[in-house]
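Peer 1: One structure, as structure tokens, below. Some questions next.
The values are calculated or read from the model by the stated rules, or taken from the named source; none is laboratory data. This structure is a prediction, so every number in the text was calculated from the model and none was measured. All Cβ positions, glycine included, derive from the backbone under ideal geometry; neighbour counts span all protein chains shown. When the accessible area is computed, the model is the full protein with side chains, heavy atoms only, and any ligands, DNA or RNA have been set aside. Shrake-Rupley method; radii C 1.70, N 1.55, O 1.52, S 1.80 Å.
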Amino acid sequence: MSDYRLVYVLNPAAGKGKYLPDARRAAEEAHADAVHITERQGDCIDFIAETCLRDPHTHFVVYGGDGTAGEAATGIMRAGAGSQAILSIRACGSGNDFARGMKEFPPPDGEDSRWLDLIAVNGRYVINIMNTGFDCDVVESSERLRRQRQIPNGLSYIVGVGTTLSQKKVFSGSLKLYGVIDPASSAVHDEEIESKFLLVAAANMPFYGGGFKAAPAADPSDGLMDVVFIRDVSRMQFLSLVGGYRKGTYLNTETLNPYPKYRGVIEYRKCRTLRLDGASRVCLDGEIIPTAGIHADIVPKAIRVK
């Protein structure tokens, strides 16, 4: 990759900046062409997009968490450089679920990188997972717990689940799924579901929430998003099932059917497009933004990750 510029992008908010000295040293030892420290939310998007417009043949080494990884992917795609730029993520955020998932999907034999799908959501690109409903509330609660009570990253999401469950909210929504794949026959169909939802998620990778394997059948290079949705359930029922949801053992990953204990509660699909009306906000790789509706489309083999 001698013809590629090497650019390091560092998010000082990730990991409270503890990694910065090591990251700077790594950039120096690698003879990086540039080092950029982000200054605000969205700065990573802008910087990477501008850099790619000047020279799309750039290898970005990005230090941050899932949100920073999603911003980096968005910057590359906004510049139209998905087929040219290369992205490396050095995980140092609060959840690091993208990096956790990548351990299950190493580059093909003989390759030093792999092509990944992305999920295009309302003008942004998701590299790990999009979620709404209960999950948005949990992300908000866990972030508050980390800031105010200094609860460790691995524990804050679990505590956030309990805190959010005590004030459980559902929303009435219309969920439309297009290009749904039947794993038994490979037939394709569309679905429309009107319901009260506890949560809806569209995943590119298996993990979120600091290790919850919510989408155990997800493959970031299969050209499909994995949609998980839970309808309204009682608190006691949720508590009895959350262990299997966390471990990813609720699902038969070959048939995509939940095991009997979870049927009628958790539903799982692989599809190409999702439309959801009724949600007021959405969480994109850990970043919560308001929304009047969610439009999500899979972008197959969108970027190269090393």
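Peer 1: Residue by residue through the stretch 124-136, what is 3J(HN,Hα) from phi via Karplus (6.51 cos²θ - 1.76 cosθ + 1.60, θ = phi - 60°)? Round to whole Hz and write x for glycine and proline.
Peer 2: My calculation for the stretch 124-136 gives 10, 10, 9, 9, 10, 7, 10, 9, 8, x, 3, 5, 4 Hz in order.
Peer 1: So what are the stretch 7-149's ellipsoid semi-axes, whole angstrom, largest first, if each one is the square root of 5 times an eigenvalue of the alpha-carbon gyration tensor?
Peer 2: Values: eigenvalues 111, 72, 50 Å².
So the equivalent ellipsoid measures 24, 19, 16 Å along its semi-axes.
Peer 1: Same structure again: Give me the Kirkwood hydrodynamic radius of the stretch 61-114 in Å, from all C-alpha pairs, to one decimal place?
Peer 2: Values: mean 1/r = 0.0840 Å⁻¹.
Here the Kirkwood hydrodynamic radius works out to 11.9 Å.
Peer 1: Quick check: Cα centre of the stretch 33-52 to Cα centre of the stretch 181-239, how many Å?
Peer 2: Value for the Cα centre distance between the two parts: 32 Å.
Peer 1: To the nearest 20 Debye, how big is the dipole of the stretch 57-116 about its Cα centre, given +1 on the beta carbon of each Lys and Arg and -1 on that of each Asp and Glu? Could the numbers behind the result be given before it?
Peer 2: Values: 5 positive and 7 negative charges, 30 e Å.
Roughly 140 debye, rounded to the nearest 20.
Peer 1: Kindly give Rg over Rh for the stretch 191-306, based on alpha-carbon atoms, with the Kirkwood expression for the hydrodynamic radius. Could the numbers behind the result be given before it?
Peer 2: Working: Rg = 14.2 Å, Rh = 15.0 Å.
The Rg/Rh ratio comes out at 0.95.
Peer 1: Could you state, as a whole-number percent, how many of the C-alpha pairs of the stretch 216-282 are farther apart than 17 Å?
Peer 2: Percent of Cα pairs beyond 17 Å in the stretch 216-282: 47.
Peer 1: I've got another one for you. Would you be so kind as to identify which of 41, 197, 12 lies farthest towards the positive end of the dipole of the chain, taking Lys and Arg as +1 and Asp and Glu as -1 on Cβ and the Cα centre as origin?
Peer 2: 197
Peer 1: Just want the answer: with Cβ charges of +1 for Lys and Arg and -1 for Asp and Glu, which residue in 298, 102, 236 is farthest toward the dipole's positive end in the chain?
Peer 2: Among 298, 102, 236, the one farthest towards the positive end of the dipole of the chain is 236.
Peer 1: Of all the C-alpha pairs in the stretch 1-44, what % are more than 12 Å from each other?
Peer 2: Working: 589 of 946 pairs.
Tail fraction, whole percent: 62.
Peer 1: For a quick check: with amide H placed at 1.01 Å from N, whose amide H comes under 5 Å from residue 118's, ignoring anything fewer than 5 positions away on the same chain?
Peer 2: Long-range HN contacts for residue 118: 299, 301, 302.
Peer 1: Okay, next question. Round to a whole number: what % of the accessible area of the stretch 1-129 belongs to carbon and sulfur, probe 1.4 Å?
Peer 2: Numbers: 2700 of 5820 Å².
Carbon and sulfur: 46 percent of the exposed surface of the stretch 1-129.
Peer 1: In straight Cα distance, which aspartates and glutamates are under 18 Å from residue 169, not counting same-chain residues fewer than 8 positions off?
Peer 2: Partners found: 135, 137, 140, 194, 232, 277.
Peer 1: Using Cα-only point scatterers and the Debye equation, what is log10 of I(q)/I(0) for the chain at each q in 0.07, 0.09, 0.11 Å⁻¹, rounded to two decimals?
Peer 2: Debye output, listed in q order: -0.26, -0.43, -0.65.
Peer 1: Still on this structure, please answer the following. Expressed as a rounded percentage, what relative contact order does the chain have, with Cα pairs under 8 Å and six or more residues apart? All intermediate terms of the calculation are to be shown ahead of the outcome.
Peer 2: Values: 682 pairs, mean separation 62.4, N = 306.
In percent, rounded to a whole number, it is 20.
Peer 1: Okay, helix-only estimate at 222 nm for the chain: each DSSP H run of n ≥ 4 adds -39500 (n - 2.57), divide by all residues, round to 500 deg cm²/dmol; what do you get? Numbers along the way, then the final one.
Peer 2: Values: 7 runs with 83 residues, N = 306.
Computed mean residue ellipticity for the chain: -8500 deg cm²/dmol.
Peer 1: Also, I was wondering about something else. Report the charge-dipole magnitude of the chain in Debye, nearest 20, computed about the Cα centre from +1 at each Lys and Arg Cβ and -1 at each Asp and Glu Cβ. Walk me through the numbers before you get to the answer.
Peer 2: Numbers: 36 positive and 37 negative charges, 226 e Å.
Dipole of the chain, to the nearest 20 debye: 1080 debye.
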